[in-house]
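Only one structure is covered here, and it is reproduced in the block below.
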Amino acid sequence: MPQAERGQVLTEEQFLRLAAYGEAEQVEPGWNLYSTGDDSYDLFLLLTAEVDIVLEPDHVIYRTLPGDFLGELSLLTGQHVYLTARVVAAGTVVRIDAERLRRALAEQVDIADVLLTAFRDRREAIRSAAGGALEIIGHPDSAATLALRTYVEQLLLPHTFREADSADDDLPAAIVNGSSLRRATPGTLAEALGLTYRPGDRPVDLVVVGAGPAGLAAAVSGASEGLVTVLLDRSGIGGQAAKSARIENYLGFPEGVSGLHLARLAMVQALKFGVRIHAPCAVASLDLSDERRPVVVLENGERIPCRAVIAATGAQYRRLDIPGWARFEKSGCIRYAATESDVRGYENHPVTVVGGANSAGQAALSLAANGAHVDLVIRGHDLKLRMSSYLADRILAHPRIRVHTGGTILELAGDDVLTSIVVESSERLPSRALFCFVGADPVSGWLAGVATADDGFIRTESSLPFQTSAPRVFAVGDLRSGSTKRVATAVGEGASAVSSVHTALAGD
Ligand SMILES: Cc1cc2nc3c(=O)[nH]c(=O)nc-3n(C[C@H](O)[C@H](O)[C@H](O)COP(=O)(O)OP(=O)(O)OC[C@H]3O[C@@H](n4cnc5c(N)ncnc54)[C@H](O)[C@@H]3O)c2cc1C
């Protein structure tokens, strides 16, 4: 029977220090400390008992022994329990509930380091072993399947993927602990997993809307500085940054870093400080009738009263008004991201990228690095006008990338899948997929009544940095009018806005 790869362990002294946060209990063989499907669970320290971690009905993933602790990332995310902890040798355990665990993480930094590293390592280690707890079935190229897979990847959810062998209107489907979810979306899956918004027991100080780099940074700063912080995102985590396989201009990563990796690290950091993260969880509007108590209204009608809101909903790329667009989008031939899974599968095939900023440049290079033949179409005549020169230089030198300047896309051709693209002032370009990064619009529809610039981006010209025209509502990152649309600036703005939040709340 497999034994837990011990990985990170607490020293005896740390173990006892942590045990002081909980209550000792005697347990007997056959008892379940927690079971698949439970809403939540506690952290357990094993003083003398032995416990099997089981994927129901009877697959033992590993055995834990005296001196070990039970738990992984779901302890902090609030996800429904997907494994069972079954006592196999009687003894004593110490139970530490979620609230006390958060206190321990805040007060005992060396213990927090061990637990968080272990939670993350365990999530990685059990992703395949516990994959049976969540199975996704669908056609790999369909946009709906891709959205579902992107969501589970972003949140590091253990799962397996099975390619469907026939067409079926009920796909994609998700099997969650044996129950089937037809036409699954990130929203219905989150509901089944317990990741949608549930009111907590403490009043909320700060709601951060949008979990891209700006929102993640704001949430980490807010929670680490003592604010009860909730972070909401309508899709997953990482925002636009999670769509880039390689960010090279973010400080501290000389070899570049995938946006998804950066976002996952930030998510764990936010959880460590006690941020409650809910995704997908779309915000529909703000109720600002009480100036000192903004209320965030979710799409499902739920209301979250708080003391301040940081809006970090970024920007999104425009769709082009061309016949067939929606059809090719649905079949996965049009993409707005360049993650590792987006750029794979085009080796020796032609693809087109449209757009002249860094996002398009990153996508073109990632596709070419994966063996695709890339046509990059830009409207202007100078690649370096909107693109960082380190990217433009590499593109111009790349043997598998052709640049078409002064180009506008006129037509998409193909039946079920894309075969070619007609570009004004250029030849017909054979193309298996179109990667679209043109004209980012602010995602500001939910901020009705808050002052915007002419282009729709949110203005922040109050005497308090990052405050919008609405008191206690702040805007950061790509959403903010005049911001530099980069990961580093988004992170800096998110973190900085929290000091303005403190100033605004100081008189309460
Ligand atoms: C492919 C690509 C490559 C890139 N490469 C680079 C690079 O190499 N270097 C660089 O510096 N920058 C790069 N960028 C730009 C960079 O990613 C953005 O500037 C940065 O992500 C902006 O961060 P943000 O948090 O302000 O907004 P976003 O990243 O746009 O995040 C906004 C978040 O808000 C959520 N949201 C929107 N509406 C709602 C709502 N109503 N309710 C709840 N949540 C909502 C969205 O789901 C999203 O997760 C790239 C962008 C792309 C697309």
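The values are calculated or read from the model by the stated rules, or taken from the named source; none is laboratory data. Fair warning: this is a prediction, and the values are worked out from it, not measured in the lab. Reconstructed Cβ throughout: ideal geometry from the backbone, glycine too, with neighbour counts over all protein chains shown.
If you take the residues in the range 202-226 that are surrounded by fewer than 24 Cβ atoms within 10 Å (Cβ to Cβ) and in contact (Cβ under 8 Å) with a residue 60 or more places away in the chain, which one is nearest to the ligand (Cβ to nearest atom)? If we take residues in the range 202-226 being surrounded by fewer than 24 Cβ atoms within 10 Å (Cβ to Cβ) and in contact (Cβ under 8 Å) with a residue 60 or more places away in the chain, then V204 is nearest to the ligand (Cβ to nearest atom). So which of L251, L232 ends up being within 13 Å of the ligand (Cβ to nearest atom), within 28 Å of A192 (Cβ to Cβ) and either surrounded by fewer than 23 Cβ atoms within 10 Å (Cβ to Cβ) or of a type in the set (A, V, I, L, M, F, W, C) (or both)? Sole residue among the options that is within 13 Å of the ligand (Cβ to nearest atom), within 28 Å of A192 (Cβ to Cβ) and either surrounded by fewer than 23 Cβ atoms within 10 Å (Cβ to Cβ) or of a type in the set (A, V, I, L, M, F, W, C) (or both): L232.
Each residue in the range 400-412 was checked for being at pLDDT below 95 and hydrophobic (A, V, I, L, M, F, W, C), and 2 of them qualify.
Go through the range 422-443 and report how many residues are over 30 Å from F457 (Cβ atoms) and either within 16 Å of the ligand (Cβ to nearest atom) or not in a loop (DSSP other than H, G, I, E, B) (or both).
Residues of the range 422-443 over 30 Å from F457 (Cβ atoms): 422, 425-432.
Next, from what is left, pick out any that are either within 16 Å of the ligand (Cβ to nearest atom) or not in a loop (DSSP other than H, G, I, E, B) (or both): 422, 428-430.
Counting residues in the range 422-443 that are over 30 Å from F457 (Cβ atoms) and either within 16 Å of the ligand (Cβ to nearest atom) or not in a loop (DSSP other than H, G, I, E, B) (or both) gives 4.
R293 meets all of the listed conditions (1) out of contact with any strand residue (DSSP E or B) (no Cβ under 6 Å at 6 or more places or on another chain); (2) assigned to a loop (DSSP other than H, G, I, E, B); (3) not hydrophobic (A, V, I, L, M, F, W, C) but one, namely (1). Among the residues making up the range 484-502, a single one is in contact with a strand residue (DSSP E or B) (Cβ under 9 Å, 6 or more places away or on another chain) and of a type in the set (S, T, N, Q): S500. Among residues of the range 463-475 that are within 21 Å of P305 (Cβ to Cβ), those with a Cβ under 8 angstrom from a residue that is part of a loop (DSSP other than H, G, I, E, B) and modelled with pLDDT under 95, sequence gap 6+ or separate chain, pair up as T468/S462; S469/S462; A470/G449; P471/E291; P471/R292; R472/E291; R472/R292. For the condition part of a loop (DSSP other than H, G, I, E, B), within 16 Å of the ligand (Cβ to nearest atom) and either of a type in the set (A, V, I, L, M, F, W, C) or in contact with a helix residue (DSSP H, G or I) (Cβ under 6 Å, 6 or more places away or on another chain) (or both), L391 does not qualify. Looking only at residues in the range 299-323 that are on the phi < 0 side of the Ramachandran plot, buried (at least 19 other Cβ atoms within 10 Å of the Cβ) and within 8 Å of the ligand (Cβ to nearest atom), which one is farthest from the chain's Cα centre (by Cα)? The selected residue is Y317.
Taking the options V275, V283, name whichever one is within 11 Å of the ligand (Cβ to nearest atom), in contact with a Gly (Cβ under 9 Å, 6 or more places away or on another chain) and either without any contact (Cβ under 8 Å) to a residue 60 or more places away in the chain or farther than 20 Å from G439 by Cβ (or both).
Details: V275 fails: within 11 Å of the ligand (Cβ to nearest atom).
On inspection, the qualifying residue turns out to be V283.
Are any of the residues in the range 130-151 surrounded by fewer than 16 Cβ atoms within 10 Å (Cβ to Cβ), of a type in the set (S, T, N, Q), on the phi < 0 side of the Ramachandran plot and outside the structural domain of D342 (by TED's automatic domain parsing)? Within the range 130-151 (the criterion being surrounded by fewer than 16 Cβ atoms within 10 Å (Cβ to Cβ), of a type in the set (S, T, N, Q), on the phi < 0 side of the Ramachandran plot and outside the structural domain of D342 (by TED's automatic domain parsing)), the answer is no, since none of the residues qualifies. Taking the range 450-462 as the range and being more than 23 Å from C306 (Cα to Cα) and in contact with an Asp or Glu (Cβ under 9 Å, 6 or more places away or on another chain) as the test, the residues that pass are D455, G456, F457.
Take the range 478-502 and flag every residue that is polar (S, T, N, Q) and more than 12 Å from the ligand (Cβ to nearest atom). Quick ask: steps written out before the conclusion?
Of the residues in the range 478-502, the ones polar (S, T, N, Q) are 481, 483-484, 489, 496, 499-500.
Hits for the range 478-502 are S481, S496, S499, S500.
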